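K.L.:
Submitted below is the structure of interest, expressed as structure tokens.
Nothing in this text is a laboratory measurement; each read-out follows from the coordinates by a stated rule. Keep in mind that this is a model prediction, so the values were computed, not measured. Positions of Cβ are generated from backbone atoms using ideal geometry, with glycine treated the same way; all protein chains shown enter the neighbour counts.
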Amino acid sequence: MTLAAPLPRETRPDRVGELQSRIRDMQARRLDTREIPTHRALAAVLPGGVLREGTVVQATGSTSLVMALLAGPSAAGRWVAVVGMPAFGAEAARRFGIDLSRLVLVPEPGGQWLTVAATLADTVPVVVVRPEGRVSPGEVSRLAARIRQRGALLIATGAWPGADTVLEVTGSRWTGLEAGHGALVEREVVVRTAGRGGFGPGGAARLRLPDAPGGVAEAVETPLAPVHRLDERRAG
């Protein structure tokens, strides 16, 4: 069952505790590998071709991109949580292949968004959060340490200093409208990516996001375009 109600301040600890208990009963917390099941269409987008436990991904420019990132882990049976995204639609998520019975939605966490995300990461393997305002280095460091310790994956939909992977939708083109009539069928997007450390130099790729059935698929094959590594960007 999708948990979509906001967590009021006075009841949040009880609600989170109940959620943690339910999830522990339904799945093992640790897996044998640090690779997270990833939709095959994202292999050309992600440095190394996969999502990994204990890392932070910054994904900006498209809610559909976030849904595509959640599709693989969710289809493989992992719980996923989305914090601070009131426009995140359950029906669209279902079309991307996200299992709504293992989806936690906290659309309006208010000023407690960081605390809610950190608490959920104790139990939920994949947590999406939309940062409100500037995130301090101390907050980033503490949450990143928690993510590594728990073997979770954090997906931030805004600027996140020190992210292991940065994904950004930089262009899009819809198809389906012809001569001023018809219906939008699918959207082709360009996703630029950069990684730091051992997560690859990055590049660019094209995806159909969404494709005609409403999910994600590879677009025409194109060579990867070089982009700067994250540490080189900071230096510049």
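K.L.:
Per-residue HN-Hα couplings for segment 64-80, Karplus 6.51 cos²θ - 1.76 cosθ + 1.60 at θ = phi - 60°, whole Hz, x for Gly and Pro?
P.N.:
Each residue's phi maps through the Karplus curve to give 4, 5, 4, 4, 5, 5, 7, 4, x, x, 5, 4, 7, x, 8, 6, 9 Hz.
K.L.:
Taking R0 as 30 Å, what's the FRET efficiency between residue 91 and residue 159 from their Cβ-Cβ distance, rounded to 0.05?
P.N.:
Numbers: r = 29 Å, r/R0 = 0.96.
The pair residue 91/residue 159 has a calculated efficiency of 0.55.
K.L.:
Under 5 Å between amide H atoms, partner at least 5 residues away or on a different chain: which partners does residue 60 have, H built in plane at 1.01 Å?
P.N.:
Distant-sequence amide H within range of residue 60: 167, 168, 169.
K.L.:
Tell me which residues come under 5 Å, amide H to amide H, from residue 126 once H is placed; ignore anything under 5 positions away on its chain.
P.N.:
The answer is 81, 153.
K.L.:
Tell me, what ³J(HN,Hα) does each residue in segment 102-119 have, in order and in whole Hz, if you take phi through Karplus 6.51 cos²θ - 1.76 cosθ + 1.60 with θ = phi - 60° and put x for Gly and Pro?
P.N.:
Computed from phi, the couplings for segment 102-119 are 10, 10, 10, 10, 10, x, 10, x, x, x, 8, 4, 5, 5, 4, 4, 5, 5 Hz.
K.L.:
From the backbone phi of segment 37-54, what are the Karplus-calculated ³J(HN,Hα) couplings (6.51 cos²θ - 1.76 cosθ + 1.60, θ = phi - 60°) in whole Hz, Gly and Pro given as x?
P.N.:
Each residue of segment 37-54 in turn: x, 10, 4, 4, 5, 8, 4, 7, 9, 7, x, x, x, 9, 8, 10, 5, x Hz.
K.L.:
List the residues whose amide H sits under 5 Å from the amide H of residue 186, counting only those 5 or more places along or on another chain, with H placed 1.01 Å from N in the peptide plane.
P.N.:
Hits under the 5 Å cutoff: 175.
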